[in-house]
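The values are calculated or read from the model by the stated rules, or taken from the named source; none is laboratory data. It should be emphasised that the depicted structure is a prediction, and the values quoted were computed from it without experimental measurement. As a convention, Cβ positions derive from the backbone with ideal geometry for all residues, glycine included, and neighbour counts pool all protein chains shown.
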Amino acid sequence: MMSALKHRTLSAAIVDQLRQSILDGTHKAGAQLRQDALGEAYGVSRIPVREALFQLEAEGLVRIVPQKGAIVAELSLGEIEINDVFDLRCLLEPRMLAQSAPRFEAEDFTRLDDIQAGFERAIAVRNVSDGGQLNADFHMALYVRAEQPRTQSIVASLLQTSDRYTRVQLSTTASMGTAETEHAELIELCRAGKVTDACRLLERHIEAVRRDLLRVVGRKGAAST
């Protein structure tokens, strides 16, 4: 039992490291992830590495290809169009904000202001990696008072799934500026008690990310042909 627990702990740590390396571009789309090389790099056997790669495959960051092994998944225009991640976010996040915002306390606004300040600093230096993480932190901070733990867990998973695409979207100056402005507006609407307006803005904000992604990824795809 202790051995199995150790493998699970190692695997989780490797998942976190590899996920971050994929999201920040250290491992590029299409790159092969060799189990033996990764095991040597992390100082572990191939077993926790293999488990980590299967987890990343489930998250859509890795593809397991016969005869080739694990490959970093390409960014896909079609995936944005057909998957339901953004549809679910548009459905669930405004509903959670509607329950959470009326219960905000001073400490919650302090937390949102701190995240927003960090987000603005990341944008100023075009740090897309930190910006992506702070974007997810900001969204989850909006829902901190929602008494919907299962929905919060689902939304956290959706944000993680869309994180790679969100970072691509944030890679453009215009998108960074829009996200910064809309996050600030969301805070002020909540602070003013205008919860309905905040929920409407949140839905438009999420949908705008999808539209931007279709443009950005579409341009990348056209440029590579």
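The table for this structure:
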| read-out | value |
| --- | --- |
| Residue count for the stretch 14-50, restricted to those that are charged (D, E, K, R) and crowded, with 17+ Cβ neighbours inside 10 Å | 2 |
| Filter pass, Gln99 being in the same structural domain as Asp130 (by TED's automatic domain parsing) and modelled with pLDDT of 90 or more | yes |
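Conditions (1) surrounded by fewer than 16 Cβ atoms within 10 Å (Cβ to Cβ); (2) outside the structural domain of Arg200 (by TED's automatic domain parsing); (3) modelled with pLDDT under 85, marked per residue:
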site: Ile82; (1), (2), (3): yes, no, yes
site: Ala106; (1), (2), (3): yes, no, no
site: Asp113; (1), (2), (3): yes, no, no
site: Ala117; (1), (2), (3): yes, no, no
site: His139; (1), (2), (3): no, no, no
site: Ser157; (1), (2), (3): yes, no, no
site: Ser162; (1), (2), (3): no, no, yes
